[in-house]
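The structure appears below as structure tokens.
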Amino acid sequence: MKQIESYVDEVYHSIGGNKKEIEELKAEMKNHLLEAVHELKSEGKSEQEAIEMAINRFGGENEIRSVVRQLFKAQKVFAKWVLYLAVICLITTVTVFGVIWFIEEQNANENSIVATNIFDVLDGKGTITKDMEGEIKGLVQETDQISKVEIYDVSSVGNNNLLFDYVRDAKPEYRYEQKVWDPKWLQAKFFPYGNGDGKQWYVEMETRHIGSLMAIILFSGMAVYVTLFTIWATVNAYHHKRLNVGWVFVFALLNVFGYILYFLVGKRKVTA
């Protein structure tokens, strides 16, 4: 029935989108119209009357074309924004993780410098004077991640293997504590960092670390990214009429590499 074919072709005229999907939608629309025509003819209508009634029931060309265009536009916009959000989430996660990692590295380097400077203050000294205490306190206060410093006289410990046992039980020659920034959301933990000069002094510092926050940011950010990317890839596979559970798992597990595999397999089928 050429009139129905012309009507369907006119509805999808200038509609942008996947050609294969459009052809399948056109075939589906034709089948619905043909079924309506056969039903009307069985009720006693002539073929021409049945065709005109079926088309009128379905809707005018301009109206249907507008609906179809809006549908394709909505699908494209949805898929595009899902992909944009996935990329933004990935970039944000990597950026925030990288910044925190850089800050942690800077803090670790600063702690090492403070420890070196403390040993410089202690170098060649048999006892810790008030002036030395003031210098050490000033060095620690210049940082915002050292919560405690303890200095032990280990000159009487002959065997280095017994050093940690001695420090654990001994009373420090000098001890200083300060309050550092530690809100709950920071998920900070404090770990001891100790070192000795090999002669008389052993310095132990308790420093703040936010590795837990870094892990939370990385895990949650990547989880959101993978979810959004999987949704985008799944929508594309659905539009291409190639969606199945296997591809969803491939997108979720292999991410971009999974979609590249999907693309290459589809391209190979088209070539074959």
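The values are calculated or read from the model by the stated rules, or taken from the named source; none is laboratory data. As the structure is a prediction and not an experimental result, all values here were calculated from the model. Here the Cβ positions follow ideal geometry from the backbone for every residue, glycine too, while neighbour counts run over all protein chains shown. These area figures cover heavy atoms from the full protein model, side chains too; ligands, DNA and RNA do not enter into them. Shrake-Rupley method; radii C 1.70, N 1.55, O 1.52, S 1.80 Å.
Give me the dipole magnitude in Debye, nearest 20, for the chain about the Cα centre, with unit charges on the beta carbon: positive for Lys and Arg, negative for Asp and Glu.
Using Cβ point charges on Lys, Arg, Asp and Glu, the chain gives about 1180 debye.
Work out how much length Arg242 to Lys179 would gain on full extension: take 0.36 nm times their residue separation and subtract the Cα-Cα distance, in nm to one decimal.
Working: separation 63, 0.36 × 63 = 22.68 nm, distance 5.95 nm.
The Arg242-Lys179 span can extend by a further 16.7 nm.
By how many degrees, between 0 and 90 and to the nearest 10, does the Cα long axis of helix 245-254 differ from the longest principal axis of the chain?
Approximately 30 degrees, to the nearest 10.
How high is the FRET efficiency between Leu218 and Ile113 when r is their beta carbon distance and R₀ equals 35 Å, given to the nearest 0.05?
That pair, Leu218 with Ile113, gives E of 0.80.
Give me the angle, in degrees from 0 to 90, between the Cα long axis of helix 19-42 and the longest principal axis of the Cα atoms of the chain, rounded to the nearest 10.
Between the helix axis and the principal axis of the chain, the angle is about 40 degrees.
How large a share of the accessible area of the chain, in percent, is made up of carbon and sulfur atoms when the probe is 1.4 Å and the other protein chains stay in place?
58
Can you find, among Gln106, Val167, Leu85, the residue farthest towards the positive end of the dipole of the chain? Put +1 on the C-beta of Lys and Arg, -1 on that of Asp and Glu.
Leu85
Angle check, please: helix 130-141 long axis (alpha carbons) against the longest principal axis of the chain (alpha carbons), in degrees 0 to 90, nearest 10.
Taking Cα atoms only, the helix is inclined about 0 degrees.
Over the chain, average the accessible area per residue using a 1.4 Å probe and give it in Å², no decimals.
Heavy-atom accessible area per residue stands at 63 Å².
So, in nm, how far is label Asp123 from label Phe257 when the simple model puts each one 7 Å beyond its Cα toward the Cβ?
Between Asp123 and Phe257, the simple spin-label model gives 5.1 nm.
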